[in-house]
Amino acid sequence: MATGTWYISAAAIYPEHQSNGFGKSLLAEAESIARAAQKDRLTLESGADGTGPT
């Protein structure tokens, strides 16, 4: 892990709740928390099919 980076290991939005801004809100809150912890990077790896990176 890189120093100064806050990692999000998992995040998911149920399909019926997608396209409502929930993911954007979650990431905005994560960014706020990371900034408060004096982290200068936020990292999230994702996969379109919900299985994560391949």
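Structure data summary
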item	result
Selection within segment 6-26 - among the polar types (S, T, N, Q) and either surrounded by fewer than 10 Cβ atoms within 10 Å (Cβ to Cβ) or under 9 Å from the mean Cα position of the chain (by Cα) (or both)	Ser9, Ser19
Subset of segment 13-29 [among the small types (Gly, Ala, Ser) and either under 15 Å from Ser46 (Cα atoms) or not in a helix (DSSP H, G or I) (or both)]	Ser19, Gly21, Gly23
Segment 27-54 - residue that is among the polar types (S, T, N, Q) and open to solvent by less than 100 Å² (accessible area, probe 1.4 Å) and, of those, modelled with the highest pLDDT	Ser32
Segment 1-50, residues that are polar (S, T, N, Q) and on the phi > 0 side of the Ramachandran plot	Ser19, Gln38
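The values are calculated or read from the model by the stated rules, or taken from the named source; none is laboratory data. Please read these numbers as outputs of a predicted model, since none were measured by experiment. Glycine gets a Cβ as well: all are built from the backbone with ideal geometry, and neighbour counts include every protein chain shown. Each accessible area value is taken on the protein alone, full model and side chains, heavy atoms only, with ligands, DNA and RNA left out. Shrake-Rupley method; radii C 1.70, N 1.55, O 1.52, S 1.80 Å.
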